[in-house]
Amino acid sequence: MKPNPPETPQKDLNRAIVLRPLASADESVRDGEARLLEAVGLAQALGLEVANAEAAPLRQISPRTYFGSGRVERLKQQTEELGAGVVVVDGALSPVQQRNLETDTGAKVIDRTGLILEIFGLRARTKEGKLQVELARQGYELSRLVRTWTHLERQRGGLGKTGGPGETQIELDRRIIADRILRLKKELEDVRRTRGLQRRARARAGLPAVVLVGYTNAGKSTLFNRLTQAGVLARDMLFATLDPTARQVKLPSGRAVIMSDTVGFISDLPHELVESFRATLEAVTEADLLVHVRDIAHPQSEDQKADVLSVLAQLESDAGRKMPPVLEAWNKIDLLDEASRVARLRRAEVAAERDGQGALPPVAISAETGEGLDALLAAIDRAAFSATRVITLTLPPDDSGRVRAQIASVGKILDESTDEHGHHTLRAELLVEDAARFAPLEPLPEEIRPAAE
């Protein structure tokens with residue numbers, strides 16, 4: 001009698017294998033090991049238990065399964081031996097590749113975009129956040145219909161209630177998703193208008209807007225809680241927070257700013273997410289000051305900075321306006337030894353001195369211990385209230401001379417004109433505080449930029 005073969009562990013949808021595709025081009029962008037660790041962090045942020053993680057060298061991409069047949073066979077064996085029901089591929093899979101990998105391995109396959117969407121869906125708490133995640137998910141699913149349904153070859157006919165004569169199921173499903181996307185965009189447009197009214201009210205109160213940006217897990221939420229006592233979720237986890245939060249912060253001078261926390265950025269941020277979160281990210285382009293929170297102790301800190309600047313450049317291009325000045329807050333400085341800390345700060349000061357555009361010198365802080373926060377608030381105080389706002393005003397004939405003289409005494413008139421009815425329209429560059437005095441006369445700020453030297 002033959003002995004029974006060892007039982008294969010049942011596949012668990014909470015256990016995952018993480019693969020980081022490794023092509024030669026990856027080495028010049030970021031160390032493959034660091035990217036693999038980041039992919040593991042994303043999987044863990046979704047609550048998955050990572051049974052195995054490894055880089056997967058690629059000589060060429062297979063149109064059918066992305067990986068070669070040898071890697072796919074090995075992956076199938078690993079899922080069976082480890083009982084892993086999920087395979088996370090830290091790359092972009094086509095719908096066909098994703099479907100074929102699932103068929104060949106017998107496990108659920110999720111790519112980088114799908115993984116981040118799942119995390120965002122888990123983190124969203126407000127109505128706005130849920131709308132934005134749903135919009136991104138619908139856009140992602142629109143290209144995945146070939147994987148999502150198995151009945152796509154059937155046709156429906158009838159009186160138009162379930163699709164026109166001869167309309168295939170995939171066409172009907174695409175139309176349903178497209179209609180859903182339009183409705184979501186309309187709802188988010190209402191959110192954008194509401195945010196515009198809130199920003200206008202803050203501008204009229206003379207409160208500059210300071211927005212925290214940075215790579216995910218750099219410590220933005222911990223810093224935000226330290227400065228505002230807001231109680232925002234702050235954990236050592238990628239994308240621990242999603243929904244934006246704004247609070248008033250008192251500065252050393254006695255003045256105040258409105259500070260906002262934002263969703264963390266990440267390398268290869270899926271385009272669907274940038275598009276869907278535009279209502280939230282508008283706060284970045286319309287701020288008076290950005291505080292770029294960096295994990296200065298991270299071995300890939302410079303690469304993370306480049307990723308953040310890349311997203312900011314994309315937002316600047318989409319918004320069609322100049323990005324506000326950026327103040328770097330070098331967080332987790334307590335994790336560096338004294339020699340490394342001094343050397344990093346000195347290099348940054350030298351770089352700032354050489355920058356002909358008057359870059360703001362970085363401030364070393366520890367959001368965890370509170371070190372350097374007084375210096376950071378003082379730097380925010382100086383930078384936020386030295387920024388200027390360009391406003392456009394239309395003045396009535398009987399009052400244009402007086403108001404124009406007031407504006408000219410505190411700022412710079414860029415251009416002006418008078419119509420046939422005597423109404424005087426001018427564009428002027430004023431300090432934030434001065435612009436607030438005239439804000440009731442104008443719409444939302446046209447442009448925000450650092451004050452001229």
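Do you know which residues across segment 128-175 are among the small types (Gly, Ala, Ser) and either at pLDDT 50 or above or within 24 Å of Leu93 (Cβ to Cβ) (or both)?
Gly129, Ala136, Gly139, Ser143
Answer with yes or no whether Glu134 is open to solvent by 40 Å² or more (accessible area, probe 1.4 Å), in a helix (DSSP H, G or I), under 30 Å from Ala178 (Cα atoms) and in contact with a strand residue (DSSP E or B) (Cβ under 7 Å, 6 or more places away or on another chain).
For Glu134, the condition - open to solvent by 40 Å² or more (accessible area, probe 1.4 Å), in a helix (DSSP H, G or I), under 30 Å from Ala178 (Cα atoms) and in contact with a strand residue (DSSP E or B) (Cβ under 7 Å, 6 or more places away or on another chain) - is not met.
Being within 18 Å of Ala384 (Cβ to Cβ), surrounded by fewer than 22 Cβ atoms within 10 Å (Cβ to Cβ) and either at pLDDT below 65 or touching a Cys at 6+ places or on another chain (Cβ under 8 Å) (or both): is that true of Gly206 here?
yes
Name the pairs: first residue in segment 90-113 and over 19 Å from Pro57 (Cα atoms), second residue of a type in the set (Lys, Arg) and assigned to a helix (DSSP H, G or I), Cβ to Cβ under 7 Å, at least 6 apart or on different chains?
Matching pairs, first to second residue: Pro95/Arg147; Arg99/Arg147; Asp104/Lys76; Gly106/Lys76.
Where residues in segment 289-315 are among the acidic types (Asp, Glu) and touching a Lys or Arg at 6+ places or on another chain (Cβ under 7 Å), which of them is farthest from Leu360 (Cα to Cα)?
The residue in question is Asp303.
For residues in segment 296-347 being closer than 24 Å to Thr285 by Cβ and of a type in the set (Ser, Thr, Tyr), which is modelled with the lowest pLDDT?
Ser317
If you go through segment 51-65, how many residues are assigned to a strand (DSSP E or B) and closer than 21 Å to Leu37 by Cβ?
Qualifying residue count for the region: 7.
When the residues of segment 105-127 are narrowed to those that are assigned to a loop (DSSP other than H, G, I, E, B) and at pLDDT below 80, which ends up least open to solvent (accessible area, probe 1.4 Å)?
Ala124
The values are calculated or read from the model by the stated rules, or taken from the named source; none is laboratory data. Predicted model only: the values in this text are computed from it and were never measured. Heads up, the Cβs are rebuilt from the backbone with ideal geometry, glycines too, and the neighbour counts pull from every protein chain shown. Surface areas here come from the heavy atoms of the whole protein model, side chains and all, with no ligands, DNA or RNA. Shrake-Rupley method; radii C 1.70, N 1.55, O 1.52, S 1.80 Å.
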